[in-house]
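Chemist: I am attaching a structure below and will ask some questions about it afterwards.
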Amino acid sequence: MVHLQAKLNEALSGPVEALLDGANKETWPLIRKLLQRETESILSGLSTVLSGFDMDEQTQKKTLTSLENHARGVVEGKAKEEAGRVLIRMKDRFSTLFNHDSDSMPRVWTGKEDVRSISKTAHSAALKLLSVMAAIRLDDNVDNIENTLCSALLDTKGIASVAKWGSTTSDPLASSTWDKVPPNKILITPVQCKILWRQYRAETEYCEANKRSNNWLPPPWAIVALIILGFNEFLTLLRNPLYVGIIFIGYLMLKALWVQLDISGEFSHGVLPGIISLSTKFIPTIMSLLKKLAEEGQAAANNNPQSTNASASKSLPNTTSPSLTASSTVTSSANGTKEE
């Protein structure tokens, strides 16, 4: 019996988990067929073994029933385990259908897609998954769980009624049992389904809103600035462009220090030797940079008077004094008299 129970665990656990992972309308019919096939195979082998023992028919039947119940228990236990992860499964189902097209290819968002229709299809699939996981259906009984969930959570009127937590008269999910489902076969009650759906919508709405706004994102540099500075500081930076110049000058100074100190080379010999070496070179390097800046400023100031004198000397031939003008006038008039 222990050996056969272990074989049933191995034969049922993996396939049942895979079927529940891709939950759809055919999930429970396939699970029933799997359970029947594996159980009949094990029971037939057990009947052959038990026939060799001196065992009455009632005891033999009880043994076979015990093994059959064990098989059902394996399936029900796996279903309860997967029902505890139903919210994760729903979000995965939504993400798969929302971000992939009908050919299972990643969807390329151009801003022209009908996001409302796509999201509705994805929500419908997630809700059907929830309806599959809401109850154990090993006895081929018909229930209306899927219709109840769709009318309450997908339809406009249903959503409006569910939104009113205080009004439970028209809310089909204000109950702890499902119609036509035995209480011992319920995995997720109607009230729990409503709570799970609210949580699911809260965690998927941002994705819809993002695509409905044409997937607008700020440029990468703005994202990095927001992460480093914060929103208020980023707005301050935009309102005062002078800060950008200050930051740029600071960047140039840091880059110059990096090159002058050869930080990468110093730390190549180790962290502690690099820190010691940089501590001895830091202040002299800053003083050297400041001295170079001062010398360049003084040289520029010395070059300015020379350029001024040169421009003045160039303008001298073009200037004419009154005495020179008068003398040139007298000379020209005298020359004219002689010629006459």
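Chemist: Select, from THR204, THR189, THR177, the only residue that is closer than 30 Å to LYS80 by Cα, at pLDDT 75 or above, exposed (fewer than 13 other Cβ atoms within 10 Å of the Cβ) and among the polar types (S, T, N, Q).
Modeler: On inspection, the qualifying residue turns out to be THR177.
Chemist: Can you say whether GLY166 is in a loop (DSSP other than H, G, I, E, B) and either in contact with an Asp or Glu (Cβ under 9 Å, 6 or more places away or on another chain) or at pLDDT below 90 (or both), as far as the supplied structure shows?
Modeler: yes
Chemist: Quick check: anything in region 50-57 assigned to a helix (DSSP H, G or I) and more than 47 Å from the chain's Cα centre (by Cα)?
Modeler: There is at least one residue in region 50-57 that is assigned to a helix (DSSP H, G or I) and more than 47 Å from the chain's Cα centre (by Cα).
Chemist: Would you mention how many residues in region 58-80 are among the aliphatic types (A, V, I, L, M), in contact (Cβ under 8 Å) with a residue 24 or more places away in the chain and farther than 16 Å from ASP139 by Cα?
Modeler: The total comes to 1.
Chemist: Continuing with the same structure: Quick one: which of GLN260, GLN298 is polar (S, T, N, Q), surrounded by 10 or more Cβ atoms within 10 Å (Cβ to Cβ), over 46 Å from the mean Cα position of the chain (by Cα) and at pLDDT 70 or above?
Modeler: On the way: GLN260 fails: over 46 Å from the mean Cα position of the chain (by Cα).
On inspection, the qualifying residue turns out to be GLN298.
Chemist: While we're looking at this one, here's another question. Going through GLN36, GLN5, GLN60 one at a time, which residue ends up being of a type in the set (S, T, N, Q), at pLDDT below 85 and part of a helix (DSSP H, G or I)?
Modeler: Result: GLN60 is the single residue among GLN36, GLN5, GLN60 that is of a type in the set (S, T, N, Q), at pLDDT below 85 and part of a helix (DSSP H, G or I).
Chemist: Identify, from the list ALA11, ALA18, the residue that is among the small types (Gly, Ala, Ser), assigned to a helix (DSSP H, G or I) and either over 22 Å from ARG137 (Cα atoms) or in contact with a helix residue (DSSP H, G or I) (Cβ under 6 Å, 6 or more places away or on another chain) (or both).
Modeler: ALA11
Chemist: Considering only residues that are exposed (fewer than 12 other Cβ atoms within 10 Å of the Cβ) and not β-branched (Val, Ile, Thr), which ones fall in region 263-281?
Modeler: Residues satisfying the conditions are SER264, GLY265, SER268, HIS269, GLY270, LEU272, SER279.
Chemist: Follow-up question, since we're still on this one. Quick check: anything in region 230-249 at pLDDT 65 or above and under 16 Å from LEU293 (Cα atoms)?
Modeler: Scanning region 230-249, I find at least one residue that is at pLDDT 65 or above and under 16 Å from LEU293 (Cα atoms), so the answer is yes.
The values are calculated or read from the model by the stated rules, or taken from the named source; none is laboratory data. Because the structure is predicted, anything quoted here is derived from the model rather than measured. When we count neighbours, we look across all protein chains shown, and the Cβ atoms used for this are built from the backbone with ideal geometry, even at glycine.
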